[in-house]
Amino acid sequence: MSDILFIKTSSLGDVIHHMPALTEARRRRPDARLSWVVEEAFAPLVHLHPAVDQVTPLAVRRWRGAALAPSTWPSTWAETTGFIRTLRERQYDEIVDTQGLFFKSALIARLARGRRHGYDASSIREPAASRLYDIRHKVARDLHAIARNRLLTALALGYAPEGAIDFGLDRNKLAAPAASRYGILLHATARPEKEWPEASWIALGRQLEARGRSCGHLSLVLPWGSEVERARSNRIAGTLADAKVPDKQPIDRIARLIAGASFVVGVDTGLLHLAAALGVPLVAIFVGSEPGLTGPMGQGPMKIVGGKSMTPSVADVMKAFEGLR
């Protein structure tokens, strides 16, 4: 039995874009033991993927913050050394770093024991990372992120990628029972240039509510991740007749919330890609990024509006929403 380690630590969208590579690796290597190193916040989601045998969480984001507080140094050091010890416990046949970032993933690959695969210097944003791999693979940079992950994984494990994209997540199994229909509005994103105007969200919410009244009860849900995003969710919800701002939840519970939704409308953010992975009908609003490289992909109905430096109107989004049916 071969032992394979994948390194894709963050962000949420990147983690989701790596899932089809794991599904295919399991199909092509049914007897292999597949492990994944990922940021602790996303570990509960990775645990939901049936192809993954072991999840090794790390907490770089938290450790980085703790470095500024001397009182936390002992515990942070203990956690860091514990992670390295766990990482080095096994001898892997293949180590595949699909992140391609020097500090974020390539150093982790270097610490692990086994034959290390990654992108060559021409295939990644941080060419220095390629120096830390034993085997370097050329993968076109203009491919969609999902295709890049699948291709690098296939090159490392000795097969050609083929077949439809499969994220390995079952919407029907994850969806929690709901008392009524609801849609989800994903306004939050870590990058300000990807945001859609708050006034547009309010206008869209009112139009969706009006449409919902004509075909049965429908509420809107506005998740959030930071206090700034929570305040925006509350402001938008406060202008609508039936909108809810849920408590902050771990990513696996958010996945169940999204799985049960009738639809999702959102900007280019990790939760939108999770909705696509689950096959939930969605409208993707692009403002500051290129959908051809990182747009949502999946088996469910979806429409994409806007693009880099092209802010869509509320009318554009509603037209796309109507086109989902």
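The values are calculated or read from the model by the stated rules, or taken from the named source; none is laboratory data. Treat the numbers as computed from the prediction; the structure is a model and nothing was measured. FYI the Cβ positions are ideal-geometry reconstructions off the backbone, even for glycines, and counts take in every protein chain you see. Protein only, heavy atoms only, side chains kept; ligands, DNA and RNA dropped before computing areas. Shrake-Rupley method; radii C 1.70, N 1.55, O 1.52, S 1.80 Å.
Remarks
- Listed conditions (1) open to solvent by 30 Å² or more (accessible area, probe 1.4 Å); (2) in contact with a helix residue (DSSP H, G or I) (Cβ under 8 Å, 6 or more places away or on another chain) are all met by L151, apart from (2).
- Residue count for segment 1-51, restricted to those that are farther than 24 Å from T189 by Cα, acidic (D, E) and either touching a residue at least 60 places away in the same chain (Cβ under 8 Å) or in contact with a Gly (Cβ under 7 Å, 6 or more places away or on another chain) (or both): 2
- Positions within segment 128-147 being surrounded by 19 or more Cβ atoms within 10 Å (Cβ to Cβ) and in contact with a Lys or Arg (Cβ under 8 Å, 6 or more places away or on another chain), in sequence order: S130, Y133, V139
- Answer from G307, G270, G266 - the residue that is open to solvent by less than 40 Å² (accessible area, probe 1.4 Å) and without any contact (Cβ under 8 Å) to a residue 60 or more places away in the chain: G307
- Count - residues of segment 263-289 that are closer than 17 Å to P192 by Cβ and more than 10 Å from the chain's Cα centre (by Cα): 8
For (1) in a loop (DSSP other than H, G, I, E, B); (2) under 19 Å from the mean Cα position of the chain (by Cα); (3) surrounded by 12 or more Cβ atoms within 10 Å (Cβ to Cβ), each residue gets a yes or a no:
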{"site": "A160", "(1), (2), (3)": "yes, no, no"}
{"site": "G163", "(1), (2), (3)": "yes, no, no"}
{"site": "D166", "(1), (2), (3)": "yes, yes, yes"}
{"site": "A178", "(1), (2), (3)": "yes, no, yes"}
{"site": "L185", "(1), (2), (3)": "no, yes, yes"}
{"site": "A190", "(1), (2), (3)": "yes, yes, yes"}
{"site": "E193", "(1), (2), (3)": "no, yes, no"}
{"site": "W201", "(1), (2), (3)": "no, no, yes"}
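- A275 being over 18 Å from V46 (Cβ atoms) and touching a Gly at 6+ places or on another chain (Cβ under 9 Å): no
- Among the residues of segment 113-122, those that are in contact (Cβ under 8 Å) with a residue 24 or more places away in the chain and surrounded by fewer than 21 Cβ atoms within 10 Å (Cβ to Cβ) comprise R113, G114.
Each row is one residue, and each column tells you yes or no for (1) over 20 Å from L151 (Cα atoms); (2) of a type outside the set (V, I, T); (3) open to solvent by 20 Å² or more (accessible area, probe 1.4 Å).
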| position | (1), (2), (3) |
| --- | --- |
| M1 | yes, yes, yes |
| I4 | no, no, no |
| I7 | no, no, no |
| V15 | no, no, no |
| H18 | no, yes, no |
| S35 | no, yes, no |
| P44 | yes, yes, yes |
| H47 | yes, yes, yes |
| V55 | yes, no, yes |
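- Single match in E79, E39 (criterion: out of contact with any Lys or Arg (no Cβ under 8 Å at 6 or more places or on another chain) and surrounded by 15 or more Cβ atoms within 10 Å (Cβ to Cβ)): E79
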